[in-house]
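The structure under discussion appears below in the form of structure tokens.
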Amino acid sequence: MQFQGQILKMTSYDAQPIQYYLNLSGDLIHMNELLGKEMTIKHKGFQCVNCGKNKPIYRMGFCKSCFFESPYASDTIIRPELSTAHLGVAERDLEVEKQIQLQPHTVYLAYTGDVKVGVTRSSQIPTRWIDQGATFALPIARTENRYEAGMIEVALKEHLSDKTNWRKMLQDDFEGEMDLVDFQQKIKQYFPEDFQKFYSEGENVCKFDYPYEKPEKVNSFTLDKKPEFTGKLVGIKGQYLSFEGGDFINVRGHEGYVVELTVS
């Protein structure tokens with residue numbers, strides 16, 4: 001089997017185990033069915049997710065000019081506390097920013113090798129947690145817009161990480177139950193006073209099962225340094241494909257790359 005197209009992040013469905021589909025220019029390839037098979041990935045070029053041009057990808061699937069111009073790559077995507085759409089103030093494109101920022105958001109705890117705090121649009125649950133490779137996740141606040149969630153995250157990340165350590169996430173083999181509810185109760189004191197009303201109790205802890213087993217070692221590679229790679233697919237976690245011998249590729253980190261995928 002051979003496929004070719006622009007990489008977008010994998011689509012996932014919460015099941016036992018999670019089901020993954022690689023998105024190549026809109027064609028969805030069911031990756032769970034390819035576990036145990038050998039595949040070759042060849043880098044053929046680029047296609048910016050915004051302008052569609054064959055220009056080197058700078059970050060997040062965008063070429064350099066689009067990364068600094070598109071509202072879909074603005075600072076508020078990474079730092080929600082900078083959101084200003086609720087004030088009617090534009091950063092790059094107010095109408096787009098209203099669509100992204102003026103909708104319900106969730107502040108959450110997730111275990112990805114360590115407990116971290118994060119923010120996502122409520123409509124992106126549980127996809128956001130699966131993309132991060134979270135074993136457990138728990139909503140701790142529900143807000144009306146992105147700014148409110150961002151301000152809560154800013155206060156909490158003085159006491160918790162807001163980043164996923166990808167190596168710890170891939171090397172983790174936690175067994176049992178993670179008591180995120182207890183963790184939530186302990187950090188409640190750090191909620192900003194003006195945002196206490198968004199604090200959410202009684203939420204259920206979500207647990208995720210990945211088609212994945214921890215390898216003895218973890219070696220991440222990119223198509224910039226290794227434009228052609230062949231290996232046997234043995235697991236999937238987060239947005240990482242795991243190959244025999246401990247080689248990993250971050251699919252989301254290659255959005256906008258055009259590849260040829262051959263499965264034998």
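Each reported figure results from applying straightforward, stated rules to the coordinates on display, with no laboratory input. Source: prediction; values computed, not measured. So basically every Cβ, Gly included, is an ideal-geometry build from the backbone, and we count neighbours across all protein chains shown.
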Under a cut-off of 17 Å between alpha-carbon atoms, report the aspartates and glutamates in cross-link reach of K64, not counting same-chain residues fewer than 8 places apart. D75, D224, E255
Amide H neighbours of N145 under 5 Å, at least 5 residues apart or on other chains, H built in the peptide plane: list them. H105
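At 222 nm, what helix-only mean residue ellipticity would the chain give, in deg cm²/dmol to the nearest 500, using -39500 (n - 2.57) for each DSSP H run of four or more?
Estimated from H runs of four or more residues: -4000 deg cm²/dmol.
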Environment charge of G245, counting only residues whose C-beta is closer than 11 Å and scoring Lys/Arg +1, Asp/Glu -1: -1
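Can you tell me, using C-alpha contacts under 8 Å and at least 6 residues apart, the relative contact order of the chain as a whole percent?
On the way: 548 pairs, mean separation 80.3, N = 264.
Relative contact order, the chain: 30 percent.
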Compute the whole-percent fraction of alpha carbon pairs in the chain spaced more than 25 Å apart. 49 percent
List every residue whose amide H lies under 5 Å from the amide H of K44, counting only residues 5 or more places away in sequence or on a different chain, with H placed 1.01 Å from N in the peptide plane. V258, V259, E260
Excluding residues fewer than 8 positions from K207 in its own chain, the lysines with Cα under 18 Å of it are K116, K168, K237
Tell me, how many Å apart are the Cα centres for the stretch 47-88 and for the stretch 99-164? 20 Å
List the residues whose amide H sits under 5 Å from the amide H of Q4, counting only those 5 or more places along or on another chain, with H placed 1.01 Å from N in the peptide plane. L261
Given R₀ = 30 Å, what would the calculated FRET efficiency be for T11 paired with E193, taking r from the Cβ atoms and rounding to 0.05? 0.15
Phi angles of the stretch 158-175, converted by Karplus (6.51 cos²θ - 1.76 cosθ + 1.60, θ = phi - 60°) into ³J(HN,Hα) in whole Hz with x for Gly and Pro, give 6, 10, 9, 6, 10, 10, 8, 7, 4, 5, 5, 4, 6, 8, 6, 9, 4, 10
For the stretch 104-207, what is the charge dipole size about the Cα centre, in debye to the nearest 20, if Lys and Arg each add +1 at the Cβ and Asp and Glu each add -1 at the Cβ? 300 debye
Karplus (6.51, -1.76, 1.60) ³J(HN,Hα), θ = phi - 60°, over the stretch 124-135, in Hz, Gly and Pro reported as x: 9, 8, x, 3, 4, 5, 5, 4, 7, x, 5, 7
What whole-number value in cubic angstrom gives the convex hull volume per residue for the C-alpha atoms of the stretch 104-207? 87 Å³
